[in-house]
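Take a look at the structure set out below.
Readers should treat all values here as calculations from the given coordinates under stated rules, not as data from a laboratory. Just so you know, these numbers come straight off a predicted model, no measurement behind them. Cβ: placed from backbone, ideal geometry, glycine included. Neighbour counts: every protein chain shown.
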Amino acid sequence: MNIVVLERNSVGVDIEIDMYEKFGEVTYYPNTVEAEVAKRVKDMDIAIINKAPMNELTLKEAKDLKLICLFSTGYDNVDLDYCRSRGIKVANVVNYSTDSVAQHTFALAFYLIEKLNFYDMYVKSGEYGSQSRFSNFDRSFMELEGKTWGIIGMGNIGKKVSKIATAFGCKVIFYSASGNNKETKYQRVDFDTLCEQSDVISIHCPLSDRTKNIMNMDAFGKMKKSAILINVARGPIVNEKDLAIALNEGMIAGAGLDVLEKEPISSNNPLNAIKDSTKLMITPHMAWASLEARQRVVMEVFNNMEAFLKGESRNVLNEP
């Protein structure tokens with residue numbers, strides 16, 4: 001088999017992936033942009049990707065391509081219908097990053113809730129050492145005990161976050177973006193109620209027509225001024241222009257983002273102008289990427305390839 005790894009560095013160079021060579025000759029590229037995809041997959045049987053676009057434009061010359069393996073759960077960069085029409089199987093990886101993303105959700109939340117950037121700089125600047133009192137709490141912060149944590153998307157990650165939030169004493173409510181979630185352990189509410197009642201809202205749903213720009217000016221206007229927003233799902237779920245206005249005008253207290261509409265962040269993103277890290281915290285799409293999660297995703301892709309070559313269906317997204 002001729003195998004290409006289009007975005008080898010997307011799982012980190014500290015992770016070994018030479019086990020793929022068991023299945024054939026492997027060509028590795030550190031990264032691949034859209035204009036490079038067609039040439040690099042042209043003579044391949046299997047393509048291993050992360051964010052590279054897989055559609056008619058990039059795949060029409062790839063006459064031998066049989067399988068696309070994703071280093072991810074999300075597949076919005078893959079045209080499943082086109083791949084199905086060509087007989088190209090597409091396999092993703094599920095549940096590999098649940099613990100990592102849930103952990104990062106709370107890292108962002110605590111950073112904002114407890115104003116940790118302010119207090120860290122207060123000590124490092126020497127101000128703490130020069131004061132006479134033993135403590136400082138000039139920026140007030142809240143406890144999670146007794147607060148309401150709102151979840152958008154009660155999948156595996158949403159459930160993990162709900163479990164942790166409950167352990168901290170939160171009441172958990174959720175909005176089902178698909179409308180099909182039958183979870184009964186936590187209270188399901190409509191979107192407006194979620195916005196109005198939540199002290200923290202965290203986003204864990206896929207990007208779809210229902211969820212794109214769901215967090216917009218109308219939603220921010222319904223939220224508590226003391227509330228914070230966490231997005232560890234997909235960037236376009238949050239309208240970044242509206243979020244910048246909401247933060248600057250104090251409509252909400254803060255936001256923690258691990259994903260953006262355009263990644264890496266564009267120079268004209270309005271959020272670039274917000275330098276107060278007690279109000280806005282942005283990390284570079286890393287919530288999924290603990291060492292353990294990256295090891296799991298690499299091995300799961302191996303398992304998907306092995307199953308395919310045995311004639312088995314494993315994590316295939318576009319079965320006929």
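Okay, here's what the table says:
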quantity	calculated
Diffusion coefficient, µm² s⁻¹, Stokes-Einstein with Kirkwood Rh over alpha-carbon pairs of the range 29-183 at 10 °C and 1.306 mPa s	81 µm²/s
At 1.002 mPa s and 20 °C, Stokes D of the chain from Kirkwood alpha-carbon radius, µm² per second	101 µm²/s
At R0 = 30 Å, FRET efficiency that the Cβ-Cβ distance of E56 and E292 yields, to 0.05	0.25
Dipole of the range 44-93 [Lys/Arg +1, Asp/Glu -1 at C-beta], most positive-end residue of L57, S72, M44	M44
Lys pairs, the range 159-256 - Cα-Cα below 20 angstrom, 8 or more residues apart or on other chains	19
The chain: most fluctuating residue of N136, N117, N55 per GNM, C-alpha cutoff 10 Å	N136
Top of S266, S176, S226 by mean-square fluctuation, Gaussian network on the chain, Cα under 10 Å	S266
Projected area, mean over directions - the range 125-187, Cα convex hull, nm²	6.6 nm²
Rg(Cα)/(2.2 N^0.38 Å) for the range 182-320, N = residue count	1.28
Average silhouette area of the range 150-226, convex hull of alpha-carbon atoms, in square nanometres	4.9 nm²
For the range 65-75, 3J(HN,Hα) per residue [Karplus equation, 6.51 cos²θ - 1.76 cosθ + 1.60, θ = phi - 60°, Hz, x = Gly/Pro]	5, 10, 8, 10, 10, 9, 7, 6, 8, x, 9
From phi via Karplus (6.51, -1.76, 1.60), per-residue ³J(HN,Hα) for the range 138-146 in Hz, x at Gly/Pro	5, 9, 6, 9, 10, 8, 7, 3, x
Cα convex hull volume per residue for the range 1-60 (Å³)	67 Å³
Backbone HN-Hα couplings from phi across the range 195-212 [Karplus 6.51/-1.76/1.60, Hz, Gly and Pro as x]	5, 6, 9, 7, 8, 10, 10, 10, 9, 9, 9, x, 7, 8, 4, 6, 9, 4
Gaussian network model of the chain, Cα within-10 Å springs - most flexible of A109, A167, A91	A167
At most 16 other Cβ within 10 Å, DSSP loop - GluC sites (Glu not before Pro), the range 290-320	E312
At 0.890 mPa s and 25 °C, Stokes diffusion of the range 197-250 via Kirkwood alpha-carbon radius, µm² per second	217 µm²/s
Against the rule of thumb 2.2 N^0.38 Å, how large the Cα Rg of the range 51-137 comes out	2.02
Span-like helix ranges in the chain, DSSP H, alpha carbon extent 24 angstrom or more, Kyte mean at least -0.5	291-309
Rounded if a/c under 1.5, otherwise prolate or oblate - the range 247-290, Cα gyration tensor axes	oblate
Cβ charges +1 (Lys, Arg) and -1 (Asp, Glu), total dipole of the range 120-221, debye	460 debye
